[in-house]
1. Taking H as built 1.01 Å from N, whose amide H comes closer than 5 Å to the amide H of A:ARG217, not counting residues under 5 places away?
2. Between region B:211-273 and region A:415-431, what is the separation of their alpha carbon centroids in Å?
3. What's the average, rounded to a whole number, of partner chain beta-carbon atoms within 10 Å of each residue's beta-carbon in A:118-129?
4. Measure up B:LYS102/B:LYS292; B:LYS262/B:LYS297; A:LYS332/B:LYS371 against 26 Å on the Cα-Cα distance and list the ones that go over.
5. Each residue of region B:563-569 in order: what ³J(HN,Hα) in whole Hz does its phi give by Karplus 6.51 cos²θ - 1.76 cosθ + 1.60, θ = phi - 60°, with x for Gly and Pro?
6. Taking H as built 1.01 Å from N, whose amide H comes closer than 5 Å to the amide H of B:PHE298, not counting residues under 5 places away?
7. Tell me, how many Å apart are the Cα centres for region B:114-135 and for region B:300-350?
8. Sort B:541-550, A:314-323 for me by packing, meaning the mean count of neighbouring Cβ atoms within 10 Å per residue, highest on top.
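Only the coordinates and a few stated rules stand behind these numbers; no lab work does. Treat the numbers as computed from the prediction; the structure is a model and nothing was measured. Quick reminder, even Gly has a Cβ in these numbers, built from the backbone with ideal geometry, and neighbours come from all protein chains shown.
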2 protein chains.
Amino acid sequence: MPPPITATLGGAVQSNARLGGCCRAPARTSVPAARTGPRGSGRMAAAPTEQMAGLAVANGAPVPGGKPKKEKKPKAEQADKPKQQPKSEKKKETKLGLTAKKDGDFGEWYSQVVVESEMISYYDVSGCYILRPYSFAIWDEIKNWFDAQIKEMGVQNAYFPLFITEDVLMTEKDHVEGFAPEVAWVTRSGNSELDRPIAIRPTSETVMYPYYAQWIRSHRDLPLRLNQWTNVVRWEFKHPTPFIRSREFLWQEGHTCFATQKEAETEVYDILDLYRRVYEELLAVPVCKGTKSSKEKFAGALFTTTVEAFVPQNGRGIQAATSHCLGQNFSKMFGIEFETEARERAHAWQNSWGLTTRSIGVMVMTHGDDKGLVLPPRVAQVQAVLIPIPNSKLGEAAVAALAARAADIEKALKAAGVRLTVDRRDNYTPGWKYNYWELRGVPLRIELGPKDMDAGVAMLAQRDTGAKQSLPWDQLAAAVPKLLEQIQAEMYGRARSEFDACIERVSTWDEFMAALDRKHMALGPWCDEEAAEEDVKKRSACKDAMGAKSLCIPLEQPELAPGTLCFVTGKPAKNFCLFGRSY
Amino acid sequence: MPPPITATLGGAVQSNARLGGCCRAPARTSVPAARTGPRGSGRMAAAPTEQMAGLAVANGAPVPGGKPKKEKKPKAEQADKPKQQPKSEKKKETKLGLTAKKDGDFGEWYSQVVVESEMISYYDVSGCYILRPYSFAIWDEIKNWFDAQIKEMGVQNAYFPLFITEDVLMTEKDHVEGFAPEVAWVTRSGNSELDRPIAIRPTSETVMYPYYAQWIRSHRDLPLRLNQWTNVVRWEFKHPTPFIRSREFLWQEGHTCFATQKEAETEVYDILDLYRRVYEELLAVPVCKGTKSSKEKFAGALFTTTVEAFVPQNGRGIQAATSHCLGQNFSKMFGIEFETEARERAHAWQNSWGLTTRSIGVMVMTHGDDKGLVLPPRVAQVQAVLIPIPNSKLGEAAVAALAARAADIEKALKAAGVRLTVDRRDNYTPGWKYNYWELRGVPLRIELGPKDMDAGVAMLAQRDTGAKQSLPWDQLAAAVPKLLEQIQAEMYGRARSEFDACIERVSTWDEFMAALDRKHMALGPWCDEEAAEEDVKKRSACKDAMGAKSLCIPLEQPELAPGTLCFVTGKPAKNFCLFGRSY
């Protein structure tokens, strides 16, 4: 990451109100909402005019009351969960911005931010959501980066069918038990009943492995490393949440076979580190790498590694991506055998690993604030918005000069690789536009007004901190890419500090419960027994909060002093495990 | 397209045996199978040794008999069509290559070529296929090119759910009638019956348009241009064929809204031309652009434009991609209204357009021959394969020099942007490798043997024509990219000539039937009435062949002389229409 460029640019960067060690401390509302300085704050904070009321560019949320032909609206499936439409969709479209606070009703805040920013539309099949272009572009960034990385490693893309026959799905017993309750079944085509119901893939182990068994004969056919980018369906009945838990979601799933356990295990951790980098380097979201407990591992796996993220506002951990070593479990069930160099028969060692659109939700939760999204520059579809501010008192020539300068800046920044939009709409005030782009989390706003024209500068305002600086035009092309990288690094740095501050070392049950009460995670020595974990879940549940569970056994372990006892059972501890309430 | 480089390269390019005006003439087997020249043809044609028998690198087709644990093989769904496993899968794995002839049993040839080349595996749900990396890479090439083109036009990607409620699917009457018999229904999750069955999208008009109605308010919200790359399901009961007709397939579907009919129509034809370019410029497959008859248009569309391809071997046209103008039909049904600049209410003008993985099948049918695939260089995952040929009599130093030279050539060609593979496997003979890469259709084989080492050259053999030339090492990096482009252009040129020669101008019913008997298409003047088309279908059917139908009304029309009569009804003709038997 490049060093801060404040000094070289000479701009006044505001101190970062949110940089703090404790996860409870930073008030997201402390970022100043209105600009101070040469431009009147009145204009910036101006409410949209009446003229804007009919124009929905700014607010793509479904507003059922606002349209004729109401009877054509899709009727909500009579679903398990009534709270499908967030309250935000009811408010008047003239108003821009969120009514819920992130530190208040977090769930409602999240619903509002993903809908109002036009990332998501709620859909009339419960638990399914529309990924609008503004979020899909982020998924594309993640895909492009990750896909290039795994291709570099020798993984190839393929596409396996959506459907699985019942027989094949049932091949691996633990696996099917893990998924059976969530499987959606096709039983009819047109008006004909199918002879046998066909499952929609919840994951593709059982889709792929019968064919792996056919394709692999010799050690020369190994490794076989395939990946696919697909949709999968898990008909869950837990409360659905956009990105975080949905009945259909998008993901990549890698499925690989190796001749030796060592090769397989190396890949498991290589992939896990790519997942860490997706979160930390693209989404600026800190995670903890670890291994799942035997209770929490993937159904049918030898062991599961995971990157775990955390949401301080509600004190809940969230599984961010998993990389499984399947061992020889599936290869024995599906007969994936090969002839070794010594001409002996052996079963392949297998991995599977997946990263989903959940990642976008975790990013929104980590960085968003009461004004809306805050996007890390590396994945933002629009990295900077240029807002020309023609004053109504300007003469024709001055207006033309301002437009020409805006075009020059646009050209220079695009040539410098910045994903820039110029907001030239003439039916909105600058203040309204500021709110509009802040809601969408665009990392950098560049203002160009009459006084900037006189001074030969543009004003840069950061979305993350609200910091402002003015810069001469000829420095923009060099400075803006650096500033975007600086914003990326600082967003990660703040989130990392917050994450770390939310982990408490505990050695007794009381300390553990106190940490949970503070909405923190707890890292404690434990005996690594499934019964202990069941115990934690039961004993930590109370009327206001779900029970805690193990998030992961971190790869980076504190030193375990001899004689250390499990904080749950009092038996000898085997390692440190991270526990917390969780999504 | 660059000019032929034969002259500058000094190599002896063989005359093209397949370049011919008549669609029946070219014998695909006329390409010499064995190399003549300094290397012994015996080595090249050598059968695989016993040692190879156990190694499945070369033959990914399922060979049910060849494995233990037979009971773990997926059982074929007791499906509608018994002929799911091509006969090729039964033959011994020691043998490389196809047993069927393209001009013989075309269907069997096609099954063999897509399986043996490792493009496809048959799957145990009837009508579903596995796209293996070797075909998926081609889909990725198509995706990358087309996606960049439409983004340039202002289209954005999004993702809408897989599921549709029954109510919404039923909104547009013609549309639902078109798809209802093919819709797959989910009725159960886990062990619970759903309250109401949910459809799997056969296409997404009805998924998307209720939301378009919510998002669009003003002329300022238009155009709205979204696209998605997804899977769709059409549970057809016609004979399934890999790529060409499958129950699940991959495609892009664009769905756009405009304020005016003119803008919508412009886009329809712009997209149609992109489809033409995918076929002609990427896949080297000639197509005819046209409009579908009212009988053949998309269910619910105002009009449908199409690119039509043709398979000379069986005389069947094939719809290659379609771009529909939906008019205001769906916008009226779904209430997609906006306020015009004049503050009036108006319904949006809509288009939808789609291109599927069928395109890969059409490419295979067009270019493949009795030795296997023939891939156009622009979409081939491997554009050239370099085969070092160490002679067993060579000393250690000579072997090392040959390996070093191969590495140099690899480096130079990769730096020149050529997608090159070096086949260094030591357990296959060169002849076996030639067959292996020919089966996979790699456009260019580069051989480097002891005599080439002495002469400072490499031998280049084209897959499409069998033409060979030797080139000095230092010319390779410049020559190979040009040669690949030349191959691309010549493949298209030959296919174009063949396509054009398969269109017969007819003016009477007898001429029409004679053209069909010659496995040709017929371009005739007609009255453009649905009843006439029904008549054609009935009267042209016979015990050996299905009835013909209209393929398209070509955009490029011959001059229609006054008084010309319809070749079917004898009524005044309105235009020329292309008819043929069809997929």
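1. Those qualifying (amide H under 5 Å, at least 5 residues apart or on another chain) are B:ALA56.
2. Region B:211-273 and region A:415-431 have Cα centres separated by 29 Å.
3. 4
4. From B:LYS102/B:LYS292; B:LYS262/B:LYS297; A:LYS332/B:LYS371, over 26 Å: B:LYS102/B:LYS292; A:LYS332/B:LYS371.
5. So the Karplus estimates, Gly and Pro as x, are x, 5, 10, 4, 6, 8, 9 Hz.
6. So B:PHE298 has HN proximity to B:THR304.
7. What the calculation gives is 32 Å, centre to centre.
8. Packing order, densest peptide first, comes out as A:314-323, B:541-550.
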